[in-house]
Amino acid sequence: MEKIKVIFMGTPEFSVPIVKEISKIVNLVLVVTSPDAYVGRKKVLTPCAVKQWALDNNIDAFSPDKLKNDYEIIKTLNPDLIITCAYGQIVPEEVLNIPRLGCINIHASLLPKYRGASPIQSVILNGEKETGITLMYMDKHLDTGDIICKSKISILDNDNYATLSDKLSNLGAKLIVDTLPDIIAGKNDRIPQNNAEATYVGLIKREDEHINFNDTALNIHNKIRAFSPSPYANFILDDKEYKVVEAYPIEIDAKDADKAPGTIISETKNSIIIKALDEGIMIIKLKPVGKNVMNVSDFKNGYQKNLIGRVLE
């Protein structure tokens with residue numbers, strides 16, 4: 001295969017296995033990432049995962065505040081192909097027109113479903129049974145370009161954001177590597193998307209993380225999975241926020257069926273059970289704000305009030 005000149009645009013850990021595999025078969029001349037960010041309580045200025053990988057592997061990295069105002073280096077390098085994956089900024093049309101083979105995006109959903117910023121969390125939130133990776137040509141709109149190919153995987157009942165991200169990242173790496181020879185040779189498919197079937201998902205907001213116990217136990221469980229291990233779904237008890245790390249839906253006794261959603265209806269040594277709209281949610285692990293993850297048994301040891309009958313907000 002011809003070793004073409006490629007620029008990769010990506011930011012989070014999800015993109016690292018993908019750029020790593022691409023770098024083995026192309027001439028990777030630059031990675032473009034989001035700018036360094038302040039991380040942790042000590043606010044240490046830290047490069048993103050893709051930039052750190054590039055630095056560790058002696059590959060040039062470029063992290064503009066706004067790509068639309070600062071892309072001269074891309075024009076100068078004149079790549080044959082640009083590949084993006086979870087970059088985090090809109091790529092301006094002027095950049096899309098630079099490479100002779102176009103710009104390709106690796107998107108973590110089966111387009112045209114789940115266009116946008118949070119496809120992995122959203123498929124779990126919505127209880128989908130399958131998802132996948134789509135390779136597509138980029139255009140000036142959001143995730144609307146012609147599809148090159150897709151690859152599907154099943155979503156398991158015990159998948160959370162972390163496990164599904166890992167699976168999709170590895171799937172994306174395999175799909176782009178397997179497809180690149182046809183893209184370079186101009187033999188790949190180019191299928192317009194059906195916009196009538198499109199759905200969009202935005203960035204996850206702080207309020208999205210809060211658990212509404214007036215929802216079904218299954219939907220609450222899906223929210224806990226979708227936001228684990230970060231930022232975690234949460235509830236309020238005694239005006240304090242608790243993040244739910246591990247929990248499962250559970251059937252409840254008929255005597256508890258009329259209890260108000262959010263009520264702690266029972267407890268065991270290692271769990272508390274909260275009434276949802278229909279059934280119960282059994283919490284095994286949680287994380288008080290500012291503290292480490294703990295088992296419910298440890299939480300109960302430090303909680304000086306009776307839990308049964310308390311209502312979570």
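Bear in mind these aren't lab numbers, they're just calculated from the coordinates by the rules spelled out. As the structure is a prediction and not an experimental result, all values here were calculated from the model. Glycine gets a Cβ as well: all are built from the backbone with ideal geometry, and neighbour counts include every protein chain shown.
Could you pull out the pairs from Lys24/Lys152; Lys5/Lys113; Lys167/Lys300; Lys66/Lys243; Lys167/Lys275 whose alpha carbons sit more than 26 Å apart here? The answer is Lys5/Lys113; Lys167/Lys300; Lys66/Lys243; Lys167/Lys275. The ellipsoid equivalent to the alpha-carbon distribution of segment 35-148 has semi-axes of 25, 22, 12 angstrom, derived from the gyration tensor eigenvalues as √(5λ) and listed largest first.
Picking from Gly88, Gln304, Asn58, whose Cα lies most toward the positive end of the charge dipole for the chain (charges on Cβ: Lys, Arg +1; Asp, Glu -1)? With unit charges placed on the Cβ atoms, the residue in question is Asn58. In terms of its alpha-carbon gyration tensor, the chain comes out prolate; a/c meets the 1.5 threshold, and the first ratio a/b outweighs b/c. The slack in the chain from His210 to Lys20, taken as 0.36 nm per residue of separation less the alpha-carbon distance, amounts to 64.8 nm.
What the phi angles of segment 226-237 give under the Karplus curve with 6.51, -1.76 and 1.60, with θ = phi - 60°, is a coupling list of 5, 10, 10, x, 7, x, 6, 6, 9, 9, 10, 9 Hz, glycine and proline written as x. Spin-label model, Asn69/Lys187: points 7 Å from Cα along the beta carbon direction are separated by 4.6 nm.
Could you calculate the contour length gain from Leu77 to Asp298, that is, 0.36 nm times the residue separation minus the distance between their Cα atoms, to one decimal place in nm?
Numbers: separation 221, 0.36 × 221 = 79.56 nm, distance 5.66 nm.
73.9 nm is the gain from fully extending Leu77 to Asp298.
Rank the residues Met294, Met9, Met138 as a footprinting-exposure proxy: fewest other Cβ atoms within 10 Å of their Cβ go first.
Working: Met294 16, Met9 27, Met138 23.
Exposure proxy ranking, most exposed first: Met294, Met138, Met9.
Restricting attention to segment 1-107, close to 15% of DSSP beta bridges with both partner residues there are antiparallel.
Which FRET efficiency, nearest 0.05, do Ala162 and Leu203 yield, Cβ-Cβ r, R0 30 Å? Plugging the Cβ-Cβ distance into 1/(1 + (r/R0)^6) gives 0.95.
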